[in-house]
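> For reference, the structure I am asking about is given below.
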């Protein structure tokens, strides 16, 4: 056999082997995801009923429903959205459209990237120290929302910036050449075009916030409350923390209650994420650059 | 020839055009008419001067073509006229550029106002991702026009002037991206015309288009020069010869020195009997 054929054979073997290895890794990832989701669905679905969703917990949270917990989570995420979206989107617009290309901008951008890597419990401790204690907001929904705002900000800023950068610069030029100010060009032309990306990024950031336990554990989430929160200064119950409580703090919780709670959390976050992804792909198909 | 006699005479007399716009009592009525005068214009990117010593006159209601090899600063010079270079940053423009006698680089001039008088059409069609109607309405809306019937009239007129009306009059709600490339470019022309500019700058407006669309754009330009002053950058010699009244030839002879204006004059003369040998070589295709 000539050297050339031998080399070709070796190359073919490596090719086949690598295809197998990389494929096996994907299979492992998919299996893990399927197993986790499957376990949640199989164990959680039997616990789901209208009562489970619309009733209060009973018998020391071992029975009844999780209505206050769902409401608490929705209120917390809504409040976080109200805080983080204006701030994050505006900051993203500045970085993408106005910021000069200099060292300071690079440092700011790097800091934001680093913010995304800070562990969530550190945000929790920061929130406890600054919002709860220093600013004397107390353990409350507001303190938690502010903490989650810090946690979600880098995601919202970065996805806004990325979405704006994907819009070709020649339409900005066209708007400016028509006598538009920078802001008018952004507000009327660039921002609407970038909206799908911004909305998707924001929703993904918020769904991460919805599932966080550590930051809310130390800033306002309650073990159990007999009533719904009546203001942003009240404490509240929340799905991820409730799940932690059911799994580790309360003895003899029927598994369908714990898994049912997990199912509601995962289903809620997935539905919102899938809606965001679907909406974006529809928008993408509508506008081709 | 649509150039006014006075301006034409001025262009012919001076070697590189004229420093000051020539005015006579007879022409006072046409005072605001969109003619540029460039005096010793230079452009620098940071420390590097890329264009130097440009003196020329852009006469009103005529087509001025800027020609020259790639990288000779034609587009850069064009963007000086509506101060789009301001948006790049680190660009300095020297010398004086006046529009109807008004120094467009003086402190009191807001580039935003200038750009409503001096429109631009770009090399690649760049419609906004919205309906045809909203594309053309963008400029008038920026100028504060809100009334629907007023907008409708402006849009119809602009689309007619850009020779697109008949094709799209029943589809104004259509998304601009559904048009062909040539239609998109005529939409961009309509969009620029809707602000009622006195000057229209065109940066190789047909270079991304097929021959038929190019022909339509050229026909449109021929119509438009009765309404606005046109300055067009083109790589296409035949195009410059076909559509322009005045031609300016720019050249950057080496990377060590800035580009300059070799010759400017009536197109017919430039293409038949140029003063400068370099112009002749370029036009006859010996380089560039």
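> From B:160, B:196, grab the single residue that is within 23 Å of the chain's Cα centre (by Cα) and within 13 Å of chain A (Cβ to nearest Cβ).
B:196
> How many residues are crowded, with 22+ Cβ neighbours inside 10 Å and closer than 13 Å to residue B:174 by Cβ if we restrict to the range B:130-150?
Residues that pass the stated criteria total 3.
> Out of curiosity, is residue B:46 in contact (Cβ under 8 Å) with a residue 40 or more places away in the chain and either out of contact with any helix residue (DSSP H, G or I) (no Cβ under 7 Å at 6 or more places or on another chain) or within 14 Å of chain A (Cβ to nearest Cβ) (or both)?
So residue B:46 fits the description; yes.
> Could you list, in sequence order, the residues of the range B:105-122 that are crowded, with 17+ Cβ neighbours inside 10 Å and within 26 Å of residue B:158 (Cα to Cα)?
B:111, B:114, B:115, B:116, B:117, B:118, B:119, B:120, B:121, B:122
> Kindly list the number of the only condition in (1) surrounded by fewer than 17 Cβ atoms within 10 Å (Cβ to Cβ); (2) at pLDDT 95 or above; (3) under 30 Å from residue A:263 (Cβ atoms); (4) assigned by TED's automatic domain parsing to the domain that holds residue A:173 that fails for residue A:94.
Single failed check for residue A:94: (3).
> Considering the range B:74-113 alone, what residues qualify as being in contact with a strand residue (DSSP E or B) (Cβ under 8 Å, 6 or more places away or on another chain) and facing chain A (nearest Cβ under 8 Å)?
Scanning the range B:74-113 gives B:82, B:84.
> If you scan the range B:115-140, which residues turn out to be part of a helix (DSSP H, G or I) and within 8 Å of chain A (Cβ to nearest Cβ)?
B:115, B:116, B:138, B:139
> Now, a different point. Of the residues A:175, A:193, which is within 9 Å of chain B (Cβ to nearest Cβ) and at pLDDT 95 or above?
None of the other options fit; the residue is A:175.
> Being assigned to a helix (DSSP H, G or I) and surrounded by 13 or more Cβ atoms within 10 Å (Cβ to Cβ) is the requirement here; does residue A:113 meet it? Don't jump to the end; show me each part of the working.
Values: assigned to a helix (DSSP H, G or I): yes; surrounded by 13 or more Cβ atoms within 10 Å (Cβ to Cβ): no.
So residue A:113 does not fit the description; no.
> Ok, one more. Taking residue A:11, is it modelled with pLDDT of 95 or more, exposed (fewer than 11 other Cβ atoms within 10 Å of the Cβ), in a helix (DSSP H, G or I) and out of contact with any helix residue (DSSP H, G or I) (no Cβ under 9 Å at 6 or more places or on another chain)?
Here the answer is no, as residue A:11 does not meet what is asked.
> Answer with yes or no whether residue A:179 is crowded, with 18+ Cβ neighbours inside 10 Å and at positive phi.
Judged against the criteria, residue A:179 is a match.
> Residue B:54 versus (1) surrounded by 20 or more Cβ atoms within 10 Å (Cβ to Cβ); (2) not in a strand (DSSP E or B): which is the lone unmet condition?
If we test residue B:54 against (1) surrounded by 20 or more Cβ atoms within 10 Å (Cβ to Cβ); (2) not in a strand (DSSP E or B), just (2) comes out false.
> Same structure again: Take the residues in the range B:254-275 that are within 24 Å of the chain's Cα centre (by Cα) and assigned to a loop (DSSP other than H, G, I, E, B); name whichever of them is farthest from residue B:239 (Cα to Cα).
B:258
> Does residue A:259 satisfy being assigned by TED's automatic domain parsing to the domain that holds residue A:133 and under 30 Å from residue A:167 (Cβ atoms)?
Taking the combined requirement at face value, the residue does not satisfy it.
> Which one of these does residue B:153 not meet: (1) touching a helix residue (DSSP H, G or I) at 6+ places or on another chain (Cβ under 6 Å); (2) surrounded by fewer than 18 Cβ atoms within 10 Å (Cβ to Cβ); (3) at pLDDT 95 or above?
For residue B:153, the exception is condition (1).
> Might you check whether a residue that is over 16 Å from the mean Cα position of the chain (by Cα) and either modelled with pLDDT of 95 or more or in a helix (DSSP H, G or I) (or both) occurs anywhere in the range B:184-191? Spell out the reasoning first.
Keep residues of the range B:184-191 that are over 16 Å from the mean Cα position of the chain (by Cα), which gives B:184, B:187.
Restricting the remaining residues to those that are either modelled with pLDDT of 95 or more or in a helix (DSSP H, G or I) (or both) gives B:184, B:187.
Yes, the range B:184-191 has at least one match.
> Separate question: From the list A:253, A:269, which residue is in contact (Cβ under 8 Å) with a residue 12 or more places away in the chain and either at positive phi or not in a loop (DSSP other than H, G, I, E, B) (or both)?
It is A:269.
> Only one of (1) away from every other protein chain (no Cβ under 14 Å); (2) at pLDDT below 90 is not met by residue A:284, so which one is it?
All conditions pass for residue A:284, except number (1).
> Considering every residue within the range A:236-250, establish whether at least one is farther than 23 Å from residue A:129 by Cβ, more than 14 Å from chain B (Cβ to nearest Cβ) and under 17 Å from the mean Cα position of the chain (by Cα).
Looking for residues that are farther than 23 Å from residue A:129 by Cβ, more than 14 Å from chain B (Cβ to nearest Cβ) and under 17 Å from the mean Cα position of the chain (by Cα), one finds at least one in the range A:236-250, hence yes.
> Mind counting the residues in the range A:116-150 that are closer than 21 Å to residue A:231 by Cβ and either surrounded by 18 or more Cβ atoms within 10 Å (Cβ to Cβ) or in contact with a strand residue (DSSP E or B) (Cβ under 7 Å, 6 or more places away or on another chain) (or both)?
Residues flagged as closer than 21 Å to residue A:231 by Cβ and either surrounded by 18 or more Cβ atoms within 10 Å (Cβ to Cβ) or in contact with a strand residue (DSSP E or B) (Cβ under 7 Å, 6 or more places away or on another chain) (or both) within the range A:116-150 amount to 16.
> Follow-up. Does residue A:145 fit the bill of being in a helix (DSSP H, G or I) and at pLDDT below 95?
When the stated conditions are applied, residue A:145 does not pass them.
> So, residue A:224, is that one surrounded by fewer than 23 Cβ atoms within 10 Å (Cβ to Cβ), in contact with a strand residue (DSSP E or B) (Cβ under 9 Å, 6 or more places away or on another chain) and assigned to a loop (DSSP other than H, G, I, E, B) or not?
Criteria met by residue A:224.
> Now for a separate question. Quick check on this structure: which one of B:264, B:233 is crowded, with 17+ Cβ neighbours inside 10 Å and farther than 21 Å from residue B:218 by Cβ?
B:264
> State which residue pairs qualify: first residue away from chain B (no Cβ under 14 Å) and inside the range A:90-108, second residue in a helix (DSSP H, G or I) in any location, beta carbons under 6 Å apart, and separation of 6 or more residues or different chains.
A:91/A:157; A:92/A:157; A:92/A:160; A:92/A:161; A:95/A:161; A:96/A:161; A:96/A:164; A:96/A:165
The values are calculated or read from the model by the stated rules, or taken from the named source; none is laboratory data. Note that this is a predicted model, so its numbers are computed, not measured. Positions of Cβ are backbone-derived with ideal geometry, glycine not excepted, and every protein chain shown enters the neighbour counts.
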